[in-house]
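> Quick one: this structure, given as structure tokens, is what I'll be asking you about.
The values are calculated or read from the model by the stated rules, or taken from the named source; none is laboratory data. Since the structure is predicted, the reported quantities are computational estimates derived from the model, not experimental observations. Here the Cβ is made from the backbone with ideal geometry for all residues, glycine too, and neighbour counts use every protein chain on show. To get the accessible areas, we keep the full protein, side chains included, count just its heavy atoms, and leave off ligands, DNA and RNA. Shrake-Rupley method; radii C 1.70, N 1.55, O 1.52, S 1.80 Å.
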Amino acid sequence: MRTLWMALCALARLWPGAQAGCAEAGRCCPGRDPACFARGWRLDRVYGTCFCDQACRLTGDCCFDYDRACPARPCFVGEWSAWSGCADQCKPTTRVRRRSVQQEPQNGGAPCPPLEERAGCLEYSTPQGQNCGHSYVPAFITTSAFNKERTRQATSPHWSTHTEDAGYCMEFKTESLTPHCALENRPLTRWMQYLREGYTVCVDCQPPAMNSVSLRCSGDGLDSDGNQTLHWQAIGNPRCQGTWKKVRRVDQCSCPAVHSFIFI
């Protein structure tokens with residue numbers, strides 16, 4: 001059998017056009033293309049019609065020189081552009097960056113990676129320079145039990161004795177939270193286990209979390225109309241976070257202890 005194969009190879013060298021393949025035909029085709037063929041030896045040592053399309057690797061009928069004449073070339077992309085500005089001001093939205101294809105993939109080469117990325121963003125001022133968006137700042141919260149410890153600590157010198165008890169309570173309805181909250185079992189962070197979607201929670205705004213000038217707590221959502229999605233994050237585990245919507249502002253919090261928190 002080996003002698004016969006060597007004889008055929010020798011005959012092929014003497015036979016004009018016997019070595020024809022993809023290179024001589026000038027063909028390299030993507031996908032499956034029955035019209036992308038040539039005459040010559042196939043990789044399975046059969047002489048006749050051989051193919052130069054990408055699918056020939058699966059069907060086993062590639063011309064003998066397919067790998068050399070049609071090498072796989074991966075996709076190459078350029079550098080990322082700079083991030084765009086936010087799509088809108090004064091409310092959570094997205095920004096975008098893009099990159100372009102420098103070389104398309106050929107002959108089964110690696111495909112192109114994503115050409116566009118989006119990320120959340122928030123502009124805190126209007127085009128006219130007016131401040132806005134502060135109600136969307138993530139609310140940093142912890143258990144209301146911490147408030148007892150906090151009152152024993154030295155208060156800010158900006159607060160007088162007369163204003164030490166000033167404050168208010170915000171009620172929110174939780175919409176979503178990450179699964180990391182339920183996994184907390186450390187003594188000081190176990191309160192996160194009681195966060196639930198769909199529950200109404202109370203968050204107390206008291207000094208020193210309250211700004212002494214605006215008399216507001218960061219992320220309190222007070223300016224929200226109740227339909228806007230606001231964000232919160234638990235102190236002690238940044239992976240425990242979620243969203244809620246404002247229900248109302250009240251003077252005193254009245255939620256159960258497990259659903260009572262304070263702004264930090």
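> In region 88-105, what residues are under 23 Å from Gly221 (Cα atoms) and either more than 19 Å from the chain's Cα centre (by Cα) or part of a loop (DSSP other than H, G, I, E, B) (or both)? Break it down into steps so the answer makes sense when it comes.
Of all residues in region 88-105, those under 23 Å from Gly221 (Cα atoms) come to 88-95.
Within region 88-105, Asp88, Gln89, Cys90, Lys91, Pro92 meet the criteria.
> Only one of Leu215, Leu230, Leu195 is modelled with pLDDT of 85 or more and under 24 Å from the mean Cα position of the chain (by Cα); which?
Details: Leu215 fails: under 24 Å from the mean Cα position of the chain (by Cα); Leu195 fails: under 24 Å from the mean Cα position of the chain (by Cα).
Unique residue meeting the criteria: Leu230.
> Taking only pairs six or more apart or across chains, which ones have beta-carbon atoms under 7 Å, a first residue in region 97-118 that is on the phi > 0 side of the Ramachandran plot, and a second residue that is at pLDDT below 95 and open to solvent by 90 Å² or more (accessible area, probe 1.4 Å)?
Asn107/Arg73
> The conditions are (1) surrounded by 12 or more Cβ atoms within 10 Å (Cβ to Cβ); (2) of a type in the set (A, V, I, L, M, F, W, C); (3) modelled with pLDDT of 85 or more, and Ala110 fails exactly one of them. Which is it?
(1)
> While we're here: Counting only residues that are in contact with a strand residue (DSSP E or B) (Cβ under 8 Å, 6 or more places away or on another chain) and without any contact (Cβ under 8 Å) to a residue 24 or more places away in the chain, how many does region 68-86 have?
Final tally of qualifying residues: 3.
> Out of the residues in region 188-246 that are among the β-branched types (Val, Ile, Thr) and over 17 Å from Ser144 (Cβ atoms), state the one that is surrounded by the most Cβ atoms within 10 Å (Cβ to Cβ).
Going through the qualifying residues, I end up with Thr243.
> Whether any residue in region 160-168 is on the phi < 0 side of the Ramachandran plot, in a loop (DSSP other than H, G, I, E, B), touching a Gly at 6+ places or on another chain (Cβ under 7 Å) and modelled with pLDDT under 90 is what I want to check.
Checked against the condition, which is being on the phi < 0 side of the Ramachandran plot, in a loop (DSSP other than H, G, I, E, B), touching a Gly at 6+ places or on another chain (Cβ under 7 Å) and modelled with pLDDT under 90, region 160-168 yields no hits at all.
> Tell me, yes or no, whether region 88-102 has at least one residue that is modelled with pLDDT under 85, more than 24 Å from Thr243 (Cα to Cα), surrounded by 14 or more Cβ atoms within 10 Å (Cβ to Cβ) and not hydroxyl-bearing (Ser, Thr, Tyr).
Just the residues of region 88-102 that are modelled with pLDDT under 85, to begin with: 88-95.
Next, from what is left, pick out any that are more than 24 Å from Thr243 (Cα to Cα): none.
Looking for residues that are modelled with pLDDT under 85, more than 24 Å from Thr243 (Cα to Cα), surrounded by 14 or more Cβ atoms within 10 Å (Cβ to Cβ) and not hydroxyl-bearing (Ser, Thr, Tyr), one finds none in region 88-102, hence no.
> Please go through region 217-264 and pick out each residue that is assigned to a strand (DSSP E or B) and β-branched (Val, Ile, Thr).
Filtering region 217-264 for residues assigned to a strand (DSSP E or B) gives 230-234, 241-250, 260-263.
Matches in region 217-264: Thr243, Val247, Val250, Ile262.
> Tally the residues that are within 18 Å of the chain's Cα centre (by Cα) and open to solvent by 60 Å² or more (accessible area, probe 1.4 Å), restricting the search to region 51-87.
Count: 4.
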